[in-house]
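Computed from the coordinates by the stated procedures, all read-outs in this text should not be read as laboratory data. Values in this document were obtained by computation on a predicted structure and should not be read as measured data. Please note: Cβ atoms are built from the backbone with ideal geometry, for glycine as well, and neighbour counts cover all protein chains shown.
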Amino acid sequence: MGLMPIERQTLSRTVAGQLIGLIVNGTLKPGQKVPSERELSEQLGVSRTTVREALETLTALNLVETQAARGTFVKEIGVNAVGYDSRLRDLLEKEGFDMPQVRLVDPHPPAGAPPEVTTDRPIRLPNLKKDRLGTFEFISWWERETVQKARVMIIGAGALGNEVLKNLSLMGVGHLFVVDFDQIEAANLSRSVLFREEDNGLPKSEVAARRIKELNPDIKIQYFQGDVTTEIGLGVFRRMDGIVGCLDNREARLAVNRYAYWLGKPWVDGAIQELLGLVRVFKPNHGACYECTLTEQARREMALRYSCPLLARHNILLGKIPTTPTISSIIGAMQSQEVLKLLHDMPIEYGSVTHFNGLTNEMHTTAYVEREDCQSHWVYSDIVELEDCTANETTLAELMAIVRRDLGDDAVLELDQEIVMGLECPNCNTHTEVFRPLSRVTFDEGLCPACGELRHVLMTHMITGEEPFLDRSLRNIGVPPLHIVRARNATQYRFYELTGDAAETLHFAHFTQDTAVSAGAPITIRPTRARVRLGDPVAVPPAPQRKQVRLRD
Ligand SMILES: [Zn+2]
Ligand SMILES: [Zn+2]
């Protein structure tokens with residue numbers, strides 16, 4: 001009777017289907033022991049051979065594993081297994097299990113405990129022919145809506161930035177803001193997947209943005225060619241969910257770190273050199289920040305550079321670090337993954353560094369020590385949105401009037417960028433008025449036209465309301481659009497956003513055919529998770545940076 005083997009096979013498949021059903025609906029949880037062969041055979045009324053065959057099927061499908069002398073245990077359900085494996089699908093269908101009821105494993109199980117099955121999200125069966133992000137639906141932690149809503153700023157579009165942009169756009173991160181001040185040169189072509197021969201001389205930010213829009217036309221993108229340390233308003237940082245630093249110098253990292261901290265935003269730093277690289281994620285009030293990690297030596301070096309401000313900027317712009325496409329792929333990929341973890345609120349070791357050594361292929365993570373006296377640790381609270389104010393149109397006098405109404409006549413503005421008031425030549429004893437932001441005064445301008453000596457730079461970052469240039473616009477003294485200006489009196493700080501700039505400054509509408517750049521509705525603020533507040537309203541927090549104006553040596 002040739003029917004016998006087929007019948008037994010069918011029976012074991014039925015048993016397998018029932019067991020899979022129990023795993024899928026969460027009755028048998030990951031890590032849990034499956035009842036013994038004897039127990040199952042008794043409960044189901046089938047032979048132990050049938051049970052054994054059923055368990056073999058489950059093992060082959062990677063749903064259970066047998067541990068010697070301990071028994072059989074349920075493994076974590078890979079949703080991809082359910083979605084992809086036609087054998088599994090058949091078994092489930094046969095047992096009448098409804099596919100959409102398949103549930104996912106919680107991406108953040110408490111440490112030590114076995115992962116729980118959640119009822120959060122039913123599995124979606126995507127159309128892989130039409131849906132470019134379809135396969136990500138099978139990834140247990142990936143959430144389409146979360147990534148599509150996300151706004152991420154990528155600072156630096158060099159070797160690392162190219163990799164991060166490529167990865168984030170492929171993963172469907174919906175809104176990308178690309179910043180770089182530089183232009184493409186031939187040497188970049190050896191390590192930048194987004195650049196082509198014909199791009200030589202074009203802005204890195206623009207070309208990178210255009211290419212990732214090609215890579216994934218569904219994402220919204222904006223680029224900015226300029227200096228992140230002075231030209232991006234803090235309101236832009238405020239509207240981001242995450243910030244990625246693909247930078248090659250300490251000054252820019254320090255600036256990004258402070259801005260991110262002040263606005264309560266997490267940021268992912270990456271650094272590469274030859275075969276070595278590192279990745280670290282900083283989040284306000286979650287351990288050390290970038291500035292905490294600076295050694296005394298680094299602080300001294302920076303102070304030295306700041307003592308001659310024009311030279312400092314000049315040197316930063318010259319700095320170049322040798323990199324290769326291989327190490328930038330590795331570190332850029334790790335950074336991108338940290339961003340995705342951030343967006344999904346997955347566990348991250350903030351304030352730690354992961355070093356990758358490509359020579360030995362070793363990777364290790366160490367925690368930084370948080371510094372009590374760190375100058376970056378300050379969070380802007382209670383930001384006043386000035387809907388009618390813009391950097392281009394609002395004058396210093398107009399902003400001072402608003403600030404004085406709120407904070408009284410002794411209120412002052414603290415600018416984030418120094419204004420060069422004048423240049424003085426110690427040799428010729430001459431004084432030249434300037435009134436321009438430090439970033440718009442070149443090193444060559446600092447040289448005395450008469451004797452060639454580097455002149456003293458007279459600067460201020462404090463506006464008291466007595467200045468002779470109060471009729472100038474905020475933009476004119478170096479305040480970028482959508483900036484958040486800091487004001488204080490003797491007892492408290494207040495923060496004023498130039499919200500009138502919002503629609504034009506942050507639109508994510510580059511390379512879209514239908515809309516003019518400024519036509520987009522203003523990007524609204526989503527409340528950040530766990531808004532951090534620092535500073536007692538009647539206590540003045542430590543001034544976050546910089547010394548008073550230095551008049552000569
Ligand atoms: Zn710090
Ligand atoms: Zn001179």
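So here's what we get for this one:
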read-out	value
Least to most buried among Lys129, Lys341 (fewest other Cβ within 10 Å first)	Lys129, Lys341
Difference of contour (0.36 nm per residue) and Cα-Cα distance, Val384 to Lys149	82.1 nm
Cross-link reach list, aspartates and glutamates versus Lys204, counting only Cα pairs under 18 Å and skipping chain neighbours closer than eight places	Glu163, Asp180, Asp182, Glu185, Glu214, Asp227, Glu231, Asp248
Ranking of Glu385, Glu163 by count of other Cβ atoms within 10 Å, fewest first	Glu385, Glu163
Sequence-separation-based contact order of the range 383-519, relative, with Cα cut under 8 Å and 6+ spacing, percent	36 percent
The range 446-503 and the range 199-227: distance between their alpha carbon centers, rounded to Å	30 Å
Estimated FRET transfer efficiency (His355, Leu202; beta-carbon r; R0 35 Å; 0.05)	0.50
Listed pairs Lys33/Lys283; Lys220/Lys283; Lys213/Lys265 exceeding 31 Å between Cα atoms	Lys33/Lys283
Inter-label distance, nm, simple model (7 Å from Cα along the C-beta direction), Glu296/Thr66	6.4 nm
Residue-wise HN-Hα coupling along the range 65-76, computed from phi with Karplus coefficients 6.51, -1.76, 1.60 (Hz; x: Gly, Pro)	9, 9, 9, 3, 6, 10, x, 9, 10, 6, 8, 5
Packing-based ranking, highest mean first, of 420-431, 444-455 given that Cβ atoms within 10 Å are counted	420-431, 444-455
Label point distance in nm, Lys75-Glu504, each placed 7 Å from Cα along Cα→Cβ	5.8 nm
In Å, descending, principal axis extents of the Cα set of the range 133-264	40, 39, 20
Computed FRET value (nearest 0.05) for Glu466 with Ala303, which takes r as the C-beta separation and R₀ as 25 Å	0.25
Dmax and Rg, reported as Rg then Dmax, of the range 383-519 (C-alpha, Å)	18.0, 59
Spin-label model distance (nm) - Ala397 vs Glu274, 7 Å beyond Cα toward Cβ	6.0 nm
Charge tally in the Cβ shell below 12 Å around Leu447, where Lys, Arg are +1 and Asp, Glu are -1, Leu447 excluded	-2
Exposure proxy order (Cβ contacts within 10 Å, fewest to most) of Lys33, Lys130	Lys130, Lys33
Three-way shape label, the range 144-367, alpha-carbon gyration tensor, a/c 1.5	rounded
